[in-house]
Amino acid sequence: MKHYGGHLQVPRMESMFCGSKQSYKFTWGLEFVDSKPNSRTRGTHLIERWTQTMGLTTVVALWTYSHRSVFFTLLRGALGVVLLSNISFNSAYHGVSLFPVTAGLSPINASIADQLTSNLAAVTFASYYRSLLLDNTHVIRIPPLSCSGDDCFSYFFPGGLDSIFPRPGSYQQFPAATAYVVNDAPGYQIEFYPISSSDPQLITGDCQVFGTPFSALQICIKKVDSNLIAGIFLRLVSKWRLECLPSGVRNVQKRLMS
Amino acid sequence: MTITKRRATTAFDRANATILDIIDLPDYKEPTNYGAEDFFGIFSRAFFIDNNDINNIKTIEFQFLNVLTSFLSIIGRENQINEEAFHGLRSLMSIPIMLYNNAVLGDGPTPTDLGKSATVAIRSYRVSHLHYTSDNRSSSVAIRCTRSWLEALYLSCGR
């Protein structure tokens, strides 16, 4: 049989003797084939097809396996990021002891001020004036009901621990329990926001002046439907100055007192 | 200014009395009917100064008002709205609500709807994924289903 230069590699198994042991050597050998397809022997043709198929399958299998592994690793990483993104930590409270108390806030009772000495009333205001809304023993910010935007301030007053009876400090059991949960107690939500152009103006009849001829504070409050409009004006020495515009409450109304 | 009565379950820190959380704040809302007289009755007491008393400068009321007006004059300018002044106004209007009621300063009868129980509790943390704020029930169900599917896919990828 003539061979015209074409060749391919085929596996060959050769038996070998090393001392008394017989072993097999697996080698790759060259098998020459004709360049003319029809002139090749059938055995040579099958060997060629088998080798090509097995080689391709092996390569595809190796490629698929390695890429699938990479793909799943990347997919797992991406899912991990998705599942761990935007997580939030919520506090949970496991009650260990329930006991009866009286807690929460009741409606305003202006007559309490009459029962206090004026000294004591002034002291209460002086104590809380600067810090009340920043002191989270008594107040916490919550989402508003009546307003929105940067000028909307919404506070909730649940009543502090100092207004609970009996006092929580007298309860010394369960030192590992670091929280004290007051259940279903009344409080007040107060929302402050600017007035609108349709709101009525504050007039002198809505105001009261407190102080001396040299230094005085004018506070104005007007009830509008179920809301209140409030403002503060200031007098120093000889003239009224507009120091604090009516706000807070549903008003940003410019008024210069004279 | 709008004042609304609400009911809440509130957690406090047992060590420093600060509010930790509003655990439950139901939708129940009760409008209030406060008027100017409720506030002026209290302000007139806290800011009362007897101008016939030549020694009124020595009173706590005078000193407090003097400090307050001086503070407002420093932080405020004509025709300029100052956030600190607004903060002062908001504080003034909040003090009567927080303090001047029978549950805190008064010794009169308290309403029957005050809170009746408290719990000493152990605080822990719970991690929640894919936090959502939608109130829409179908949206929340869809998000939970998606999250479950993603978690299942994540676990199957590890095998």
(request) Consider A:L161 carefully, then state whether it is in the same structural domain as A:D135 (by TED's automatic domain parsing) and either modelled with pLDDT of 90 or more or not aromatic (F, W, Y) (or both). (result) yes
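So which of A:A179, A:A126 ends up being within 29 Å of B:L72 (Cβ to Cβ) and in contact with a Phe, Trp or Tyr (Cβ under 9 Å, 6 or more places away or on another chain)? Walk me through how you get there before you give the answer.
Working: A:A179 fails: within 29 Å of B:L72 (Cβ to Cβ).
When all the criteria are applied, what remains is A:A126.
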(request) Please tell me if A:S154 is in a strand (DSSP E or B) and touching a Pro at 6+ places or on another chain (Cβ under 7 Å). (result) yes
(message) Among the numbered criteria (1) under 30 Å from B:T146 (Cβ atoms); (2) more than 8 Å from every other protein chain (Cβ to nearest Cβ); (3) buried (at least 16 other Cβ atoms within 10 Å of the Cβ), which one does A:P144 miss?
(response) (1)
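From the list B:F48, B:F12, B:F62, B:F43, which residue is touching a helix residue (DSSP H, G or I) at 6+ places or on another chain (Cβ under 6 Å), at pLDDT 90 or above and crowded, with 18+ Cβ neighbours inside 10 Å? Spell out the reasoning first.
Details: B:F48 fails: at pLDDT 90 or above; B:F62 fails: at pLDDT 90 or above; B:F43 fails: touching a helix residue (DSSP H, G or I) at 6+ places or on another chain (Cβ under 6 Å).
B:F12 is the lone residue from the list that is touching a helix residue (DSSP H, G or I) at 6+ places or on another chain (Cβ under 6 Å), at pLDDT 90 or above and crowded, with 18+ Cβ neighbours inside 10 Å.
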(request) Evaluate the stretch B:52-67: report whether one residue or more is farther than 22 Å from A:D135 by Cα and hydroxyl-bearing (S, T, Y). (result) yes
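Which one is surrounded by the fewest Cβ atoms within 10 Å (Cβ to Cβ), of the residues in the stretch A:217-230 that are out of contact with any helix residue (DSSP H, G or I) (no Cβ under 7 Å at 6 or more places or on another chain) and modelled with pLDDT under 90? Talk me through it step by step, then tell me what you get.
The first filter runs over the stretch A:217-230 and keeps only residues out of contact with any helix residue (DSSP H, G or I) (no Cβ under 7 Å at 6 or more places or on another chain), leaving A:218, A:224-229.
Those left that are additionally modelled with pLDDT under 90: A:218, A:225-226.
On the way: A:Q218: 18, A:D225: 9, A:S226: 13.
Step by step, filter the stretch A:217-230, then rank; the result is A:D225.
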(request) Report whether or not A:A126 is small (G, A, S) and closer than 13 Å to B:I95 by Cα. (result) yes
(request) State whether the residues of the stretch B:11-18 include one that is more than 7 Å from chain A (Cβ to nearest Cβ) and within 30 Å of B:G115 (Cβ to Cβ). (result) yes
(request) Among the residues of the stretch A:93-140, write down those that are among the hydroxyl-bearing types (S, T, Y) and either surrounded by fewer than 19 Cβ atoms within 10 Å (Cβ to Cβ) or more than 7 Å from chain B (Cβ to nearest Cβ) (or both). (result) A:S97, A:T102, A:S111, A:T117, A:S127, A:Y128, A:S131, A:T137
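I'd like the residue in the stretch A:166-182 that is surrounded by 12 or more Cβ atoms within 10 Å (Cβ to Cβ) and under 19 Å from A:V139 (Cα atoms) and, out of all such residues, is farthest from the other protein chains (Cβ to nearest Cβ). Walk me through it before giving the result.
Initially, the stretch A:166-182 is screened for residues surrounded by 12 or more Cβ atoms within 10 Å (Cβ to Cβ), giving A:166, A:168-169, A:171, A:174, A:177-182.
From what is left, the residues that are under 19 Å from A:V139 (Cα atoms) are A:168, A:179-182.
On the way: A:P168: 7, A:A179: 4, A:Y180: 5, A:V181: 4, A:V182: 5 Å.
Within the stretch A:166-182, the match that is farthest from the other protein chains (Cβ to nearest Cβ) is A:P168.
The values are calculated or read from the model by the stated rules, or taken from the named source; none is laboratory data. Computed from a prediction, not measured in an experiment: that's the story for all the values here. Positions of Cβ are generated from backbone atoms using ideal geometry, with glycine treated the same way; all protein chains shown enter the neighbour counts.
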